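Reviewing the structure listed below.
The values are calculated or read from the model by the stated rules, or taken from the named source; none is laboratory data. Here the structure is a predicted model, which is why all the values come from computation and not from measurement. Virtual Cβ from ideal backbone geometry, glycine too; neighbours counted across all protein chains shown.
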Amino acid sequence: MYTTRTFNATNGTLVIFLATAAFAAGPSTGPVTIEGGSASFETTTNVPGIEVKGTSSSLSGTASVSHEQAGLSVEQIHIVLPVKSLATGMKVRDEHMRKYIFTTAEGQVPDMEFSADKVACKTSSAPDDFVCQVTGNLSIRGQARPFATTLTVKEQSSTFRASGEGLVKLGDYGIPIPKQFGVSTSNEVKLKLAFAAKLTTTSGNTQSASAGGAR
């Protein structure tokens, strides 16, 4: 004959602890990979009503994500945007942009890169929604300068979909204001990002990861 067990405070505390530990080590913890995310930029000009815009769908990167009590912790962030993938919709303007904004004195065209050691993301309006205050270094022409953005992140199974924007000042990189046909751009460029980072899964000795742009 079975005896009735008493569920006391000690048992309750143990259950809560185990549940918390299971959540923290859940399936959405570990390295993530970004493939095919999008980036866009826009800036005003000295001519009213005329703006310069460009896009790329070649954003890629890696990071490590873990759950914490207050939200997410994202570490070892490294994002790359190939300069040659940026397009404004006009071939002459694209060539002008790469020559005067992204080409170094040595004639090299290094990719744009962003890196950050650690970012804390707080839970937002829903348990799977987060807001991340991101601060790191953005490299243009191989020169790293501080860059900050606020990302809104939604977790869906093993995928994190994120979007945000930040401001880049050309003068911080020693880049003169571009001019073409009497039209000059602003020193400030708004940079927007949208991507999906998918948890890297391991099967045996083989790692596989894939992620598309944010939808």
Self-check item: Matching residues, region 147-163, being assigned to a strand (DSSP E or B) and either hydroxyl-bearing (Ser, Thr, Tyr) or under 16 Å from Asn137 (Cα atoms) (or both)
Solution: Phe147, Ala148, Thr149, Thr150, Leu151, Thr152, Thr159, Ser163
Exercise. Please work out which residue is surrounded by the most Cβ atoms within 10 Å (Cβ to Cβ), limiting yourself to region 98-136 and to residues that are in a loop (DSSP other than H, G, I, E, B) and of a type in the set (A, V, I, L, M, F, W, C).
Key: Val109
Exercise. Six or more apart or on different chains, Cβ under 8 Å: which pairs go from a residue in region 85-105 that's within 17 Å of Glu42 (Cβ to Cβ) to one that's assigned to a loop (DSSP other than H, G, I, E, B) and of a type in the set (S, T, N, Q)? Could you list them?
Key: Asp94/Thr88; Met97/Thr88
Quiz item: Scanning for something modelled with pLDDT of 95 or more and loosely packed, with under 14 Cβ neighbours inside 10 Å, does region 199-213 turn up at least one residue?
Solution: no
Quiz item: Do we have any residue at all in region 164-182 that's β-branched (Val, Ile, Thr) and touching a Lys or Arg at 6+ places or on another chain (Cβ under 6 Å)?
Solution: no
Quiz prompt | Selection within region 69-83 - part of a strand (DSSP E or B), of a type outside the set (A, V, I, L, M) and either buried (at least 18 other Cβ atoms within 10 Å of the Cβ) or out of contact with any strand residue (DSSP E or B) (no Cβ under 6 Å at 6 or more places or on another chain) (or both) | solution = Gly71
Practice problem: Of the numbered conditions (1) touching an Asp or Glu at 6+ places or on another chain (Cβ under 9 Å); (2) within 30 Å of Val47 (Cα to Cα); (3) aliphatic (A, V, I, L, M); (4) buried (at least 17 other Cβ atoms within 10 Å of the Cβ), Leu167 fails exactly one; give the number of that condition. | Solution: (4)
